[in-house]
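The structure appears right after this line, and notes come after that.
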Amino acid sequence: MTELVAQNVFYEIAALLTLAAAVGFLGILARQPLIVSFIAVGIIAGPSMLHVTRSPEQIHLLAELGIAVLLFLVGIKLDVKLVRTLGTVALITGLGQVAFTAGIGFFICLALGLDIVTSIYVAVALTFSSTIIIVKLLSDKREIDSLHGRIALGFLIVQDIVVVFAMIVLSAIGIAGPAGAENGSALGGLLQVLGGSVLLLAFVLVFIRYIADPLTERMARAPELLISFAIAMAALFAAIGDVVGFGKELGGLLAGVALASTPYREAIAARLAPLRDFLVLFFFIYLGTQLDLAGLGENLAASAVLSLFVLIGNPLIVLIIMGVMGYRKRTGFLAGLTVAQISEFSLIFMAMGITLGHVDTGALGLVTLVGLITIAGSVYMITYSHILYAWLEPFLTVFERRHTPAEQGLDEGVKGQYDAIIFGLGRFGTAIATRLERAGLRVLGVDFNPSSVRRWQQDGRDGVYGDAMDPEFIAHLPLVHAKWAIATMPAHDTGVFHEDPRIALINALQEQNFTGRIAVTNRHDAETAILQKAGAHLVLEPFQDAADQAVQLIAGDEKPERLELEDLEGQKAIAK
């Protein structure tokens, strides 16, 4: 088998994808995130075991593109207005956790016998937590909008900003480091990078101010073009960053920042998430192939100590900081568990250190092993967080002040709560929204047409651009308090195979454990039973409903009144 794979790169990629799917399936059965499975795939396929990977250059190319897309998606979340919206607790907790973890971790690394430079790298790597994993776990538990969930997301954003500065500092050190000193061009290289950075940052600012919104609005009329444009931005900026000298990683991140202020950033991020997951797979596979099993064995003791520090020490740091700020021990404990693992960025950070010649592969192996242990362990800690809290609650009183002023009234009046979310802002959707608002309900509109969203917002309503068929986008909507999700868009034929956005929306809402009711629009009687079976609580037939209401008004000689959604349920719709 390995001889056949060695004959063709395509066979090699096919074997890797098959192995990744098989190992990933086993990982899901064990409730593990795919990061753990994919690193395991790299180890299994690497030279230490099956030796399937015979084309490291091609895999490394895909890995670099994956990192560019990953950092692009980080950058697209870093809106220039974001820092002002971060709460005090998120800022203080995020910076405090990073500072204390790095400081304590540095002395632990020195005690384990690591040199100063390696200790600095490892200590900084231990400060980053995986936003992807935390958001997924909190969303699955429907705790993303809870108090501890909001706080956790806040300080994870702070960590992402720290990642950016850490990479900038790392690039600057690398420019003036030994690699540059050998050819006597350290100063020239530094000036080149500074000049290129200023020019690129100036372009990004001009792009954000004058170009981003009108350009993305035109691109959004063809969703495939918008996504192609986003990928091109990530790759282009990554290439420019590499040419200038501050690295592909920062280039990809700046590309995301350039689009972060546009109203389509959430839609871009949601659409690119599957591509990110696919390409980052090759980064973790490449990472796994670089690890020597014998070398990992030598790091077992050190990785065990550092893993315990991350699994126990990081949550304690957050718990102490939030306790001092006046939060209850339960809130601090549940928020603290979200930092009980290191991030994929920890591995990227160490890989940059190897590229710059600051650390060796042994340090990367150590951090990778810590990542495997902490990610695997934290998944169960977060999944069973409430059971853990019940066990440990008697011992946590010391972390709570006698009074908890920070939580008094904090959960009241949360912004972004809606009674109904309407997908499709055409005439029918707008008419329903108008009548719901007359009844005193709060309505959020969603549409894939940027012009419809703009008109909706100009009327003073809350609206967002997004695709109802994209589960990643649905997961970011404020579903917790919504009583209705209403789909007014019809089914459509893509030309390749028939897709029904109503069925896709119902499935996505069910995956998010949506507790409200679902109403869908139908223009074909034959599809009513299908929609009902899929999970629709209410099937709206605009023409039939209008005719029924007209007959009722005419035959009853009543004063015409506008039809309300609740009236439809009693008169015509099919309840589940």
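Read-outs throughout are calculated quantities, based only on the coordinates presented, and are distinct from any laboratory measurement. Note that the coordinates shown come from a computational prediction; the quantities given were computed from them, not determined experimentally. Note that we place each Cβ from the backbone using ideal geometry, even for glycine, and neighbour counts take in every protein chain shown.
I need 36, 339 ordered by Cβ neighbour count within 10 Å, fewest first.
Working: 36 21, 339 31.
If I rank by nearby Cβ atoms, fewest first, I get 36, 339.
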Would you order 37, 55 from fewest to most other beta-carbon atoms within 10 Å of each residue's own beta-carbon?
55, 37
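Please give the peptides 123-131, 255-263, 347-355, 507-515 ranked by average Cβ packing (other Cβ atoms within 10 Å per residue), highest first, as a rough proxy for protection. Intermediate results must be reported in sequence, preceding the final value.
Numbers: 123-131: 25.7, 255-263: 23.6, 347-355: 21.1, 507-515: 16.4.
Going from most to least packed, we get 123-131, 255-263, 347-355, 507-515.
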Could the peptides 370-381, 226-237, 14-25 be put in order, highest first, of the mean number of other beta-carbon atoms found within 10 Å of their residues?
370-381, 226-237, 14-25
By how many nm would the segment from residue 51 to residue 209 grow when fully extended, if each residue of separation counts as 0.36 nm and the alpha-carbon distance is taken off?
51.9 nm
For the pair residue 387 and residue 526, the simple spin-label estimate (label points 7 Å beyond Cα toward Cβ) gives in nm 4.9
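Ranking request for peptides 109-117, 357-365: highest mean number of other beta-carbon atoms within 10 Å first, then the rest in descending order.
Values: 109-117: 14.7, 357-365: 18.8.
Result, highest mean Cβ count within 10 Å first: 357-365, 109-117.
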By counting other Cβ atoms within 10 Å of each Cβ, how are 391, 484 ranked from fewest to most?
391, 484
Suppose each label sits 7 Å from its Cα in the direction of the beta carbon; what would the residue 228-residue 17 distance come out to in nanometres?
2.1
What length, rounded to one decimal in nm, is gained on full extension from residue 462 through to residue 305, with 0.36 nm per residue of separation minus their alpha-carbon distance?
51.6 nm
So if R0 is 35 Å, what FRET efficiency would residue 25 and residue 417 give, r being the distance between their Cβ atoms, rounded to the nearest 0.05?
0.40
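Just list whichever of 136/533; 77/329; 136/483; 77/483 have alpha carbons separated by over 26 Å in the model shown.
Numbers: 136/533 28 Å; 77/329 30 Å; 136/483 23 Å; 77/483 28 Å.
From 136/533; 77/329; 136/483; 77/483, over 26 Å: 136/533; 77/329; 77/483.
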